[in-house]
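Written out below as structure tokens is the structure these notes cover.
The values are calculated or read from the model by the stated rules, or taken from the named source; none is laboratory data. Everything numeric in this text was worked out from a predicted model, so none of it was measured. Positions of Cβ are backbone-derived with ideal geometry, glycine not excepted, and every protein chain shown enters the neighbour counts. Side chains included, ligands, DNA and RNA excluded: accessible areas come from the protein's heavy atoms. Shrake-Rupley method; radii C 1.70, N 1.55, O 1.52, S 1.80 Å.
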Amino acid sequence: MKKALKRINVMIVLVVLLFLSYIEFEIPVLDVYATKVDASSTSSKNPTDQSSQSDKGSESDGGSVDLLARVINAEARGEPYLGQVAVGAVIMNRVKSAEFPNTIAGVVYQKGQFSSVKDGQINKPFENEAQVRKAAQEAYNGSDPTNGALFFYNAKTTTSKWLFTRPTVKVIGRHTFAK
Amino acid sequence: MLEKIEKNINNYKRKFDHRTWGILAYVMFGIALLYGMQMANMFKRQKQIVQDNYNKSMYELVNYVKNVEVLISKARITTTPVESSKTYADIWRQSNLAKENLASLPVDQNAMSNTSKFLAQVSDYSYSLMKQTISGDKVTDEQYKMLEEINNKSDEVASVLNDIYDDLNNGKVKWNEVENYGDKKLKEQEKEEGVLSNISKISKTFTDYEGLIYDGAFSNHITEVKPVMIENEKEVTVEEARKKAEEVLKNTKDDVQIEYIKEKGESKGNLDLYLFEAKYKNREETIDLEITKKGGLLSLFITDRDVKNKKKTEKECEEIGKEYLKKIGIENVKATYYLEIENMITINYAMVQDNITLYPDLIKVKIAMDDGEVCSVETTGYIFNHKERTDIKPEITIEEARNVLNKNIKVSEESVAIIPNESKKEVLTYEFKGRINDKDFIIYVNAKTGEEEQVLLIINTPGGTLTM
């Protein structure tokens, strides 16, 4: 009798578990990279940005510049202004190049091109939004501090040997820009 | 008796322990198993969705390339303008779609760059042919020869893609392996086979085709463009370039105090440049400057700071920018457009020659609207395009050009301008700014042929204003 009861208990537990497992859990994404970068960039963060930004933040002048700003925010957080414009300029250069897709979204979401797209960094909230937006607009307008670069990488962390074979155009902040 | 009870209790305790641990272990195991299975299933499903998408892109790519091949053959035998332009339009569309699908495959960028370039060039070549046939011009023998060439190439592309297509049909293509290529997880031998090597194979066959196409936005003469203005100038020394940098900074506003200007090396890219970094006294942000080696011209000067409020108007800034450009040696400019963002205004200036606006010769100046300090200047448009234009005589009168326009349009301003077309060739045009149905338009009418060259609708973006 007791044994049978035990069995039933276990069965109930299992059924409950089965139900539980069907509930969609939101899986927390590990975010090691973000915290690492945040720590280094907090020093340059300007608390006054938010106030001056609040009215303009909701204004959007075409999704392309917004997307550009997102990539810059994700790829070049804590970089100098020039470095941020440069990341935007690489994307614009790719749009102009025949070897890459012809739209900003196409370039940004091309498989395996930007680590920030792969690991979801691109959806992170803005940090120092005013500066990032200015940088995005500057790149969108055609300023190109990279002198025509199509690639950029962090020389310290990149594992792709192929990138090292590309002629380096310039180094800005932690990024190396190459053609 | 007492012993018996004690024994019983102990026994019961032990039993209880066993039972709870047993159940607990069972439950834990159950949770782990179920969760694991669930995750595995989810992963499988997601993976399948992704793979299906890749497969779809691959199938479509193959189809589009095949279609392009067929259409090119067709284009060579069609003779009527309507039929030909339809065919070219189709080539244009299909090759564009092919390129889009290629870009969405998880293939190394490196391996497919030439294929992508080929598709882009086919696409805009057929676009320019389409425009040509629509305007009534016959396709020349030379252009036919070019089509022949493209046809041969797309033959090759199609045949390689066909191999991949077969692999795909046989279920041999494993996209995750292809994706891992970048991670260097595959053995050398594995890299030699499969989709990836097939796609790189296509790229390898392109070496002899480089530089064949002369029309369209992606043609080689555009992508490897030379800076017209300074091409024949001689190189300046670092010291001269530094002097130029100083001049550039000195004039950004009244009483500028430069703390230092230091060399940051050189850069070889579209332009050969000397790089400088500078800093003002009492300012934290550094300034970056690029001076061309040839001719020692300012190519880019860029800095940023917070601008809290707006004290200058757009008009005042326009004047400041003009004055500034004059001081650094650029005269005869006209503001064409400005854009405000974060209390900074970016003004686009175009060069002017004999009252003709030269839109390709573009200079951008960014000014802080609080004290009118010049914060950025970018002159690549100017450096790459500026020269004394010689062919500036319109062949039709402005009245004739006006007759081309839609009758309902109310023209508010008109002038002569040189604009670049898609293949970056310069076109002399009459520029009309007007209004129709509450929408502002700018219409460019070719001053030689009297055709509408470009119609622009002015969309008022926040902060952006067109000045003419």
Quiz item: Using 1/(1 + (r/R0)^6) with R0 = 30 angstrom and r between the beta carbons of B:SER412 and B:LYS308, what's the FRET efficiency to the nearest 0.05?
Solution: 0.25
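Other chains near B:265-274: what is the mean number of their Cβ atoms within 10 Å of each residue's Cβ? Mind dumping the intermediate values first?
Details: counts 2, 1, 10, 7, 13, 8, 3, 1, 3, 0.
So the per-residue partner count for this stretch is 5.
How would you classify the range B:238-385 from its alpha-carbon gyration tensor, with a ≥ b ≥ c the square roots of the eigenvalues: rounded for a/c under 1.5, else prolate if a/b is greater than b/c, otherwise oblate? Don't skip to the end; give the middle numbers.
Working: a/c = 1.85, a/b = 1.07, b/c = 1.74.
Oblate.
Counting partner chain Cβ atoms within 10 Å of every residue's Cβ in B:343-351, what's the average? Mind showing how you got there, number by number?
Details: counts 4, 4, 0, 5, 0, 2, 0, 0, 0.
Partner Cβ neighbours, averaged per residue: 2.
If you take the Cα Rg of the range A:61-179 and divide it by 2.2 N^0.38 Å, with N the number of residues, what do you get?
Values: Rg = 12.9 Å, N = 119, 2.2 N^0.38 = 13.5 Å.
Normalised Rg, Cα atoms only: 0.95.
By average Cβ neighbour count within 10 Å, what is the ranking of A:128-140, B:136-148, A:82-94 from highest down? Walk me through the numbers on the way to the answer.
Details: A:128-140: 24.8, B:136-148: 12.9, A:82-94: 26.5.
In descending order of packing, they fall as A:82-94, A:128-140, B:136-148.
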Quiz item: Protein chains only, probe 1.4 Å: how do B:ARG389, B:ARG283 rank by accessible area, largest first?
Solution: B:ARG283, B:ARG389
Quiz item: Dipole of chain B (Lys/Arg Cβ +1, Asp/Glu Cβ -1, origin at the Cα centre): which of B:GLY434, B:LEU119, B:CYS317 lies farthest to the positive side?
Solution: B:LEU119
Quiz item: Measuring from label point to label point, each 7 Å out along Cα→Cβ, what is the B:LEU456 to A:PHE164 span in nm?
Solution: 4.6
Quiz item: Over its Cα atoms, what ratio of radius of gyration to 2.2 N^0.38 Å does the range B:27-74 give?
Solution: 2.15
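Tell me, what is the FRET efficiency for B:ASP163 and B:ASP255 to the nearest 0.05, using R0 = 56 angstrom and their Cβ-Cβ distance as r?
Working: r = 70 Å, r/R0 = 1.25.
Here the calculated transfer efficiency is 0.20.
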Quiz prompt | Contour excess over end-to-end distance, with Cα ends at B:SER73 and B:ASN355 and 0.36 nm allotted per residue | solution = 96.8 nm
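What does the charge dipole of the range B:238-385 about its Cα centre add up to, to the nearest 20 debye, if the Cβ of each Lys and Arg holds +1 and the Cβ of each Asp and Glu holds -1? Working shown, then result.
Working: 25 positive and 31 negative charges, 25 e Å.
Computed about the Cα centre, the dipole is about 120 debye.
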Quiz item: Chains B and A: how much accessible area gets covered up at their contact, both sides added, probe 1.4 Å, in Å² to the nearest hundred?
Solution: 4400
Quiz prompt | Full-stretch length increase - B:LEU33, B:ASP391 - with 0.36 nm per residue and alpha-carbon distance subtracted | solution = 121.0 nm
Quiz item: In square nanometres, what is one fourth of the surface area of the convex hull spanned by the alpha carbons of chain B?
Solution: 40.1
Exercise. Assuming R0 = 51 Å, can you tell me the calculated FRET efficiency for the pair B:THR80 and B:GLN51, based on Cβ-Cβ distance, to the nearest 0.05?
Key: 0.70
Exercise. Any chance you could run the full-extension gain for B:VAL404 through B:LYS44? It's 0.36 nm times the residue separation minus the Cα-Cα distance, nm to one decimal.
Key: 123.5 nm
Practice problem: Let me know the mean shielding of B:99-108 by other chains, meaning the per-residue number of their Cβ atoms within 10 Å of its Cβ. | Solution: 4
